[in-house]
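Here the structure is laid out as structure tokens; the discussion comes afterwards.
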Amino acid sequence: MSAFVIDGFSIAASVRSRITSEVSLLKEKTGVHACLAVILVGENPASVSYVTGKEKALAETGMIDRSYRLPESTTEDELLGLIKTLNSDDSVHGILVQLPLPGHIDESRVIMSIVPEKDVDGFHPVNVGNMVIERPGFLPCTPRGVLVLLREAGIETKGAHAVVVGRSNIVGKPLSILLARREYNATVTVCHTGTRNLPEMTRQADILIAAAGSPAMITAGMVKPGAAVIDVGVNRVEDPAAKKGFRLCGDVDFGPVSEIASYITPVPRGVGPMTIAMLMENTLQAAKNTAEK
Ligand code: NDP
């Protein structure tokens with residue numbers, strides 16, 4: 001039997017549609033017009049494509065798009081100077097610096113320079129700390145998007161064994177922390193390159209989340225029959241037959257795994273659109289917080 005393919009694209013579209021109404025209502029009632037500043041340094045093709053997707057979503061939801069496309073040669077001081085200006089600009093509610101940054105810029109200094117109230121990516125240590133101790137703050141977009149996907153697909157997390165492959169600060173680590181919250185109540189195992197027998201771990205998963213950045217590494221033999229498989233990976237693999245010379249591929253070997261799993265997310269049109277929808281959600285929240293002040 002083939003797995004049910006979770007349509008992240010449609011779920012994200014319905015989230016954006018609700019956000020569009022809320023953005024307009026907030027503006028009408030309070031005069032606050034939600035605004036996100038997106039900063040891109042350099043021209044990394046994947047980053048350009050992510051930023052373009054974010055700009056499209058801003059336009060669709062009726063938010064103000066304050067985009068900055070800076071040259072690769074931008075210095076750390078220049079970038080920090082721009083963030084300082086945006087931090088004190090009351091008409092800007094969220095600030096997003098597209099990662100990765102060029103090697104001469106210290107990413108963690110940049111992340112920490114954004115005031116936590118405008119850190120809609122949820123990467124600032126204050127927001128990370130708030131997430132861990134379950135205080136209000138911005139949750140990182142991809143983990144939040146995965147949780148919404150699970151909920152919308154009707155996948156029960158309570159009591160489930162969730163195995164997360166990957167422990168990055170932006171995906172694996174926060175997702176494993178969130179899944180273990182009482183409201184989701186999953187039993188969580190986190191795997192990484194130091195995991196001794198990965199297939200033995202992944203085969204125990206009721207919910208298997210792949211966030212390793214390694215094309216098709218989760219094969220059918222690594223999946224328990226009936227598991228829900230969420231593929232966060234977005235990998236560019238060379239494909240001479242494709243127009244751009246590459247195609248996008250997840251961390252999951254989609255065809256064979258979909259024969260075994262009960263639910264699966266595709267790449268593209270799975271987790272990716274949810275990440276952008278959650279960025280819009282966090283920006284709307286930042287604008288609401290301003291309106292309340
Ligand atoms: P990182 O490279 O920062 O982290 C990858 C993690 O996976 C690390 O913890 C690493 O372990 C682990 N890992 C890598 N290979 C293996 C392996 N063979 N076995 C076990 N563990 C492994 O990646 P990110 O978390 O930033 O991103 C992961 C993937 O998700 C990428 O493909 C990225 O493009 C995609 N992504 C997608 C998003 C979306 O919106 N859909 C958003 C963000 C990322 P260790 O710590 O030991 O090195």
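Quick notes on this one:
- Test result for L178, outside any loop (DSSP other than H, G, I, E, B) and in contact with a helix residue (DSSP H, G or I) (Cβ under 6 Å, 6 or more places away or on another chain): yes
- Among residues of the stretch 9-42, those that are acidic (D, E) and in a loop (DSSP other than H, G, I, E, B), counted: 0
- Flag: V164 matches the condition of being touching a Leu at 6+ places or on another chain (Cβ under 6 Å), among the aliphatic types (A, V, I, L, M) and either surrounded by 22 or more Cβ atoms within 10 Å (Cβ to Cβ) or under 28 Å from L40 (Cα atoms) (or both).
- Considering the conditions (1) among the charged types (D, E, K, R); (2) under 29 Å from K224 (Cβ atoms); (3) exposed (fewer than 15 other Cβ atoms within 10 Å of the Cβ), R109 is excluded by exactly one of them, (2).
- Count of residues meeting criterion [closer than 22 Å to T142 by Cα and over 16 Å from the mean Cα position of the chain (by Cα)] in the stretch 70-101: 2
- Helices (runs of 4 or more DSSP H) contained in the stretch 44-137 and holding at least 1 residues within 24 Å of G31 (Cα to Cα): 45-61, 76-87
- For first residues located in the stretch 216-233 and on the phi > 0 side of the Ramachandran plot, partners that are part of a strand (DSSP E or B) and surrounded by fewer than 24 Cβ atoms within 10 Å (Cβ to Cβ) and lie 6+ apart or on another chain with Cβ distances below 7 Å form the pairs A216/C249.
- Test for L58: is it in contact with an Asp or Glu (Cβ under 6 Å, 6 or more places away or on another chain), surrounded by 14 or more Cβ atoms within 10 Å (Cβ to Cβ) and not acidic (D, E): yes
Rundown of residues vs (1) within 16 Å of the ligand (Cβ to nearest atom); (2) modelled with pLDDT under 95; (3) not aliphatic (A, V, I, L, M), yes/no style:
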| site | (1), (2), (3) |
| --- | --- |
| A205 | yes, no, no |
| A212 | yes, no, no |
| T219 | yes, no, yes |
| A227 | no, no, no |
| D251 | yes, no, yes |
| R269 | yes, no, yes |
| A287 | no, no, no |
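- Scan of the stretch 167-190 for residues that are away from the ligand (no atom under 16 Å from the Cβ) and buried (at least 17 other Cβ atoms within 10 Å of the Cβ), ordered by number: Y184, A186
- Check on A12, within 21 Å of the chain's Cα centre (by Cα), surrounded by 17 or more Cβ atoms within 10 Å (Cβ to Cβ) and touching a residue at least 40 places away in the same chain (Cβ under 8 Å): yes
- Condition broken by G250, with the remaining ones in (1) buried (at least 24 other Cβ atoms within 10 Å of the Cβ); (2) over 23 Å from H161 (Cβ atoms) satisfied: (2)
The values are calculated or read from the model by the stated rules, or taken from the named source; none is laboratory data. Keep in mind the model is a prediction, meaning the values are calculated, not measured. With ideal geometry, Cβ positions are generated from the backbone for all residues, glycine too; neighbour counts draw on all protein chains shown.
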